[in-house]
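The values are calculated or read from the model by the stated rules, or taken from the named source; none is laboratory data. No experiment lies behind these values; they were computed from the predicted model shown. For accessibility, only protein heavy atoms count, side chains too; no ligands or nucleic acids. Shrake-Rupley method; radii C 1.70, N 1.55, O 1.52, S 1.80 Å.
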Amino acid sequence: MVGNRRSFRRRPRRTWLVFVLFIGLALLRWGHDRWQGVPQPLFEPPLAEGDYIVLRVVDGDTLLVAPPPGAAEAGRELRLRLLGIDCPESVKPNHPVEPWGREAAEFTRQFVSGGAVRLRFDKRRLDQYDRYLAYVFVADKMLNEELVRAGLAHVLAYPGDSESMTRRLRAAEQEARQSRRGIWSEQPVRPAQRQIR
């Protein structure tokens, strides 16, 4: 009788374990199927930090760059997104031009008008659209920071980004807010102030 009790108690545990294992495998399969169509960044060999040539300014926070002649990657056209910031949209398909979007793009054009920039990378090298992510310098000035300081971009930091760079960008954003520059110059209209037409 005692032997039967022990075997009876073990069977439900085994059944429960098989049930949990089956559910776990079903969830893994469901997760795999669900994320299968989600675009993931392609594997790209890491770029070397250093000098690059600006081919075109797409908008305030996106550039097309190329390595200088003689570099290992020479001849490649690379889409680059400024790391740690987000400018108002000016060329996004099926999306209206946002306030200050054109000004941000023009600021970037003027900043990189010499054609040569220096790139500095962080832990995140690519975004979900396979754009390279970098801090962009001309001489000792950082484009990412200057856009924020001018009030033409928000800080957009992710876990793992350089804390010192994030602090630097946040200080520039605080300065722009206090001085009411660019995107910080517009005050929301209160309901009582709206005029009915």
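So here's what we get for this one:
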| quantity | calculated |
| --- | --- |
| Relative contact order, percent, the stretch 87-131 [alpha-carbon distance under 8 Å, six or more residues apart] | 23 percent |
| Solvent accessible area, Å² - R131, 1.4 Å probe, full protein context | 40 Å² |
| Surface accessible to a 1.4 Å probe, E103 within the full protein complex, Å² | 90 Å² |
| Accessible area (Å², 1.4 Å probe, nearest 10) - K141 | 100 Å² |
| Whole-number percent relative contact order across the stretch 55-159, with pairs defined as alpha carbons under 8 Å at least 6 apart | 29 percent |
| Sequence-distant residues sharing a close amide H with L126 (under 5 Å, placed H) | L133 |
| Solvent-accessible ranking of R29, R118, R170, largest area first, probe 1.4 Å | R29, R170, R118 |
| Surface accessible to a 1.4 Å probe, per residue, for the residues of the stretch 60-163, Å² | 49 Å² |
| Probe 1.4 Å, all protein chains present, accessible-area order of W184, W100, W16, largest first | W16, W100, W184 |
| Surface share of carbon and sulfur [accessible, 1.4 angstrom probe, percent] for the stretch 65-160 | 52 percent |
